[in-house]
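Taking it in order: structure first as structure tokens, then the write-up.
The values are calculated or read from the model by the stated rules, or taken from the named source; none is laboratory data. Remember, predicted model here, so these are calculated numbers, not experimental data. Side chains are part of the model used for accessible areas, which takes the heavy atoms of the whole protein and leaves out ligands, DNA and RNA. Shrake-Rupley method; radii C 1.70, N 1.55, O 1.52, S 1.80 Å.
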Amino acid sequence: MDLLTAALLLPLDISIDPNSNGLPGIGQLKKIVGASMTVGLVLAVLALIISAIVWTLGANSSNPHLAGRGKLGVLVALGAAIVCGASVTLVNFFWNVGQQV
């Protein structure tokens with residue numbers, strides 16, 4: 001049998017979808033991921049509060065370096081909150097894009 005014949009005999013329509021009962025512990029893994037997202041959001045709020053305080057102290061003490069670091073911290077905290085909040089939507093979006101390929 002040559003290579004062309006072998007390629008024609010392979011199944012051309014493979015369909016595999018994710019399932020939630022294929023492995024034991026999927027429910028617990030979902031709980032762990034959800035808890036990790038909660039911890040990430042709580043830490044982002046804490047970082048936002050600390051960065052806002054640093055920004056305020058830097059601005060009120062005429063320390064531009066400290067104020068700049070506070071601004072950067074606020075942006076990083078907001079970015080982390082965006083990533084934590086949008087992670088499920090982003091993964092689903094790219095999963096759907098991948099399914100169309």
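A few comments on the model shown:
- Solvent-accessible surface of the range 20-101, averaged per residue with a 1.4 angstrom probe and all protein chains in place: 75 square angstrom.
- Here the chain exposes an accessible surface that is 72 percent carbon and sulfur, computed with a 1.4 Å probe and the other protein chains kept in place.
- Rolling a 1.4 Å probe over the protein chains gives L41 an accessible area of about 70 Å².
- Solution diffusion estimate, µm²/s, Stokes-Einstein, the range 27-66, Kirkwood Rh from C-alpha pairs, 10 °C, viscosity 1.306 mPa s: 133
- Against the main long axis of the alpha-carbon atoms of the chain, helix 64-99 sits at an angle near 20°.
- Considering every alpha-carbon pair of the range 30-94, the percent of pairs per 10 Å bin, from zero through the bin containing the longest distance, is 24, 38, 23, 13, 3.
- The relative contact order of the chain comes to 22 percent, based on Cα pairs under 8 Å that sit 6 or more residues apart.
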